[in-house]
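Okay, structure first, notes after.
The values are calculated or read from the model by the stated rules, or taken from the named source; none is laboratory data. What you are looking at is a predicted structure, and each value in this text was computed from that prediction instead of being measured. Backbone-built Cβ (ideal geometry, glycine too); neighbour counts: all protein chains shown.
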Amino acid sequence: MSNEHHITPLRTYLIIAGSLLFLTGVTVWVSFIDLGSFNIILAMAVATLKASLVVLFFMHLLWDDKKNLVVFVMSLMFLGIFITFTLLDTGFRGGINPEVKNSINSKASFYDNLPLTDTHGNPVDSHDNHHEDKDDSHH
Amino acid sequence: MSENQNINYLNHPKGIMSWLLTLDHKRIGLMYLFSGIIFFLIGGLLALGMRLELAAPGNDFVSNDTYNSMYTLHGAIMIFLFIIPAIPGALGNILLPLMVGAKDVAFPRLNLASFYIYSFGALFAIYTIVNGGVDTGWTFYTPYSTQSTSNVVPMTLGIFIIGFSSILTGLNFIATVHKMRVPGLTWYKLPLFVWALYGTSLVQITATPVLAITMVLLILERFLGIGIFDPALGGDPVLYQHFFWFYSHPAVYIMILPAFGIISEIIPVHSRKKVWGYKFIAYSTLSIAFIGFLVWGHHMFTSGQSVFSQIVFSFITYFVGIPTGVKIFSWILTMYKGQVSFTTPMIYALSFLFLFTIGGLTGIFLGAVALDIHLHDTYFVVAHFHYVMQGGTIIAFLAGLHHWWPKSFGKMYNQKIASLCALGVFIGFNGTFFPQFLLGLRGMPRRYATYSDQFSELHTYSTFWSTILGLSIFIAILNLMWSLRKNNKLDPGSNPWGALTMEWTHTSSPPHPHNFESDPVFTNGPYDYDKVIVEPTLKK
């Protein structure tokens, strides 16, 4: 590891800070657009980009010993492995038993307390209609 | 030898505080060793208790609830308090700095902290035992673990804490291997045990945080009902299994990789031959460590996970067989045309080859989705992982213990008794667990205190041989302890087996408090039996 600290020009800091603010704006802006299943992917991509900028410039990883960069990239890789393989499960369920198709049960009692809307935010029918075939055993 | 015998790490400095506050990796290793052996004893007694209950059908000895607690504690204690900390914490701590020619590990204070974090976590486990046990199985699967009224929280909290000890030890070892090697000791001249500990440490620091997260989520689920694993709240109980096995499958390699390392050390020494395929063994260690992260779903074939991911996980699981096979063949080829002597460590190492191969091959059965759906949660699985964990790791641990005992204490145990016990362990082990393969194939489910009459014959065999197994291990440990008494006639010398790794050639047995009396100079590769003649100091 180098013994001298890298001196970053103020300009770089300001550019990165500006980019972070801009990307925050992007996050807010895309939240108003419905991209279906790409909503989460886009939100995570922007968040990852922002986190990387912070780590690389504000935390000086870019100028640090490259071994530390390897460790950082490895941790991202393992997180990627975990999420990808778990999604291979939750994204493809229901091949044999269709009732387990949705990993998140949209009929869960949790949602009873929330106003039900469709994907565009318009109110839909009352809970009673929605739950006509619901199993009540957990109450 | 000679006058240096008087000052060694065991007698200098003196006093109880010099042990409790020691920064010496060898003393910390011994503290891990003795606490590990105590938990091994507790876990072993629980196992014998279970076998006693299973000797005949019906609840003759304990109730169903007690039995549930017994198998949970047996699993959790053996894995989290004995196997995972024991080899890296005990043998790794004692040997790693000696093998790389360092005075200590990279961060000695952190090393002591790891031991105390482990002890603190162990207190929670002891509290759990005293307070009536925990009945979820060592895997703490939801939804039951969020509802059980037993001590789920103290036990998971204990495991959470012990995880930090594991991470810090891993970090310490990685830094030691990178930064503390003696000049000239390049990566390809490292003893294979060091490679194994290095691979283990990588898995420890990358996987263990996920276990910590899992345990925290489980505790939050119980106390606050956050609903991440509860379908009624929009969660997914199978997600718990993903979290748990993302750590716990790599943890299998945390347990077995150091065992591979021990075997890679013992076989060349006791065969007087250069290890065959050094780079193959070293790289297979790293590839097992990596592939181990991609196969966790094979524990979940009957959990309701998607067919697509079942196929993917099943396919990748077979890849583990490649590096593992590479190791087995390398060890066999190391012995080929060697001068094999049947010393106690070598008997254990040979048992390991036999038992671990059975354990590994039955793992391939279980990795096949179609067969696993039939065998899941039966005694076939129980037999399989005992062949790997006991037939593999614990036998390798015993091998290592007998191999490096004269190094650690400068004393030789009674070799006749030790070798007899090694045979007893081998026979008792097969007698106990081989019938369990048959029981599993016939449909005997795991985790039941009772069973129908058709299974009773095989269960009785299993129980009978388990007493031989338990007794053999007990006498083997006692025999080692007995050698520590003052008047020990047989002097093993500083290098009883005639090994070439630095911990034997460059320092006395037991070593100097600072490991080496002067700065060690690296002279020969760890397995250069074809170039260097070294005489065993142990006279028959």
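Quick notes on this structure:
- Options B:Leu157, B:Leu123: the member that is buried (at least 19 other Cβ atoms within 10 Å of the Cβ) and part of a helix (DSSP H, G or I): B:Leu157
- Here B:Leu361 does not qualify as crowded, with 22+ Cβ neighbours inside 10 Å and under 25 Å from B:Ala383 (Cβ atoms).
- Taken over the stretch B:275-314, the criterion of being buried (at least 18 other Cβ atoms within 10 Å of the Cβ), more than 14 Å from chain A (Cβ to nearest Cβ) and either over 20 Å from B:Thr393 (Cα atoms) or of a type in the set (Phe, Trp, Tyr) (or both) is satisfied by B:Val275, B:Trp276, B:Tyr278.
- Annotation note: Cβ proximity below 8 Å between a residue of the stretch B:99-128 that is closer than 29 Å to B:Thr507 by Cβ and a residue that is of a type in the set (Phe, Trp, Tyr) and in a loop (DSSP other than H, G, I, E, B) (sequence gap 6+ or interchain) occurs for B:Gly101/B:Phe516; B:Gly101/B:Phe522; B:Lys103/B:Phe516.
- Qualifying position, being within 14 Å of chain A (Cβ to nearest Cβ) and either among the small types (Gly, Ala, Ser) or assigned to a helix (DSSP H, G or I) (or both), among B:Ser166, B:Ser201, B:Ser145: B:Ser201
- Members of the stretch B:315-324 found to be among the aliphatic types (A, V, I, L, M) and either surrounded by fewer than 20 Cβ atoms within 10 Å (Cβ to Cβ) or facing chain A (nearest Cβ under 9 Å) (or both), listed by number: B:Ile316, B:Ile322
- Residues of the stretch B:145-204 satisfying the condition of being small (Gly, Ala, Ser) and at negative phi: B:Ser145, B:Ser148, B:Ser150, B:Gly158, B:Gly163, B:Ser165, B:Ser166, B:Gly170, B:Ala175, B:Ala196, B:Gly199, B:Ser201
- Residue in the stretch B:314-334 that is outside any helix (DSSP H, G or I) and either touching a residue at least 24 places away in the same chain (Cβ under 8 Å) or small (Gly, Ala, Ser) (or both) present: no
- Scope the stretch A:41-74; condition among the charged types (D, E, K, R), surrounded by 14 or more Cβ atoms within 10 Å (Cβ to Cβ) and either out of contact with any helix residue (DSSP H, G or I) (no Cβ under 9 Å at 6 or more places or on another chain) or within 29 Å of B:Gln305 (Cα to Cα) (or both); matching residues: A:Asp64
- Selection from the stretch B:204-251 of residues that are of a type in the set (Asp, Glu) and facing chain A (nearest Cβ under 8 Å): B:Asp236
- Filter result for A:Phe57 (under 30 Å from A:Pro9 (Cβ atoms), part of a helix (DSSP H, G or I) and of a type in the set (Phe, Trp, Tyr)): yes
- Residue within the stretch A:8-26 that is within 30 Å of B:Lys179 (Cα to Cα), of a type outside the set (Gly, Ala, Ser) and outside the structural domain of A:Phe92 (by TED's automatic domain parsing) present: yes
- Residue in the stretch B:491-507 that is surrounded by 15 or more Cβ atoms within 10 Å (Cβ to Cβ), modelled with pLDDT under 95, outside any helix (DSSP H, G or I) and aromatic (Phe, Trp, Tyr) present: yes
- So B:Tyr67, is it part of a helix (DSSP H, G or I) and either touching a helix residue (DSSP H, G or I) at 6+ places or on another chain (Cβ under 7 Å) or surrounded by fewer than 23 Cβ atoms within 10 Å (Cβ to Cβ) (or both): yes
- Flag if B:Tyr32 is outside any loop (DSSP other than H, G, I, E, B), touching a residue at least 24 places away in the same chain (Cβ under 8 Å) and touching a Gly at 6+ places or on another chain (Cβ under 6 Å): yes
- Residue check for B:Ile205: touching a helix residue (DSSP H, G or I) at 6+ places or on another chain (Cβ under 9 Å) and either buried (at least 18 other Cβ atoms within 10 Å of the Cβ) or in contact (Cβ under 8 Å) with a residue 24 or more places away in the chain (or both): yes
- Of all residues in the stretch A:28-40, those satisfying the criterion of being outside any loop (DSSP other than H, G, I, E, B) and exposed (fewer than 11 other Cβ atoms within 10 Å of the Cβ) are A:Val28, A:Trp29, A:Ile40.
Here's the yes/no breakdown for (1) under 26 Å from B:Val203 (Cα atoms); (2) in a helix (DSSP H, G or I):
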position: A:Thr8; (1), (2): no, no
position: A:Gly18; (1), (2): no, yes
position: A:Gly25; (1), (2): no, yes
position: A:Leu49; (1), (2): no, yes
position: A:Leu53; (1), (2): no, yes
position: A:Thr84; (1), (2): yes, yes
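- Flag not set for B:Val275, criterion: part of a helix (DSSP H, G or I) and of a type in the set (Val, Ile, Thr).
- Condition check for A:Met77: under 30 Å from B:Ile311 (Cβ atoms) and more than 11 Å from every other protein chain (Cβ to nearest Cβ): no
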